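Right, one structure below, let's go through it.
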Amino acid sequence: FFFSSRIRHTRFLNVTGVQTCALPISNDAASLSPAATFGFDPKLVTRIGKIARESSNLTAAAFRDNAAKVSPATDKTPGAMAVPMCSPTGVAGVLSVELKARLPVEEAKVSLAGIIAAQLATLAMPIPEAVPDVEIKRAAI
């Protein structure tokens, strides 16, 4: 399901690549790790590695600000967008996409990416830390 879903999403958005980054299980909120990619060279994904919250790139900005970020296409670079994947506990990850060459980043594509990110957030929610039994009993008193 997840793989076929990514193929459909790339067609809808008319993009060359999609990367879904998610918080690690530790949920320290300090960095994102690539969770799934489509359309990117695996060597590039390995080279990018973890994305620190304070990095100066589109994905980190969407993660920090909990808001969609866009980079318009130029003559030399394709357009891109990064959309936070929101969960009940905060940003669980970021959906980053690179558009095909010379295509503008349209508001409709950003909105559609937001819908897709919301769907993906249900699969990438960080696992909450276990609460010791003692705290649960104390809260019940």
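Every read-out reported here was derived from the displayed coordinates using simple, explicitly stated rules and does not represent laboratory data. Keep in mind it's a predicted model, so treat the numbers as computed, not measured. So basically every Cβ, Gly included, is an ideal-geometry build from the backbone, and we count neighbours across all protein chains shown.
Taking amide H positions as modeled 1.01 Å from N, with prolines and chain starts lacking one, the residues under 5 Å from MET85 and 5 or more places away or on another chain are ALA92, GLY93, VAL94, LEU95. Model label sites at ARG53 and ILE115, defined 7 Å from Cα along the beta-carbon direction, differ in position by 3.2 nm. Of all lysines in the structure, those lying under 20 Å Cα to Cα from LYS109, and not within fewer than 8 positions of it along the same chain, are LYS69, LYS100. Amide hydrogen proximity for ALA36: with H placed 1.01 Å from N in the peptide plane, the residues at 5 or more positions away or on another chain lying under 5 Å are THR20.
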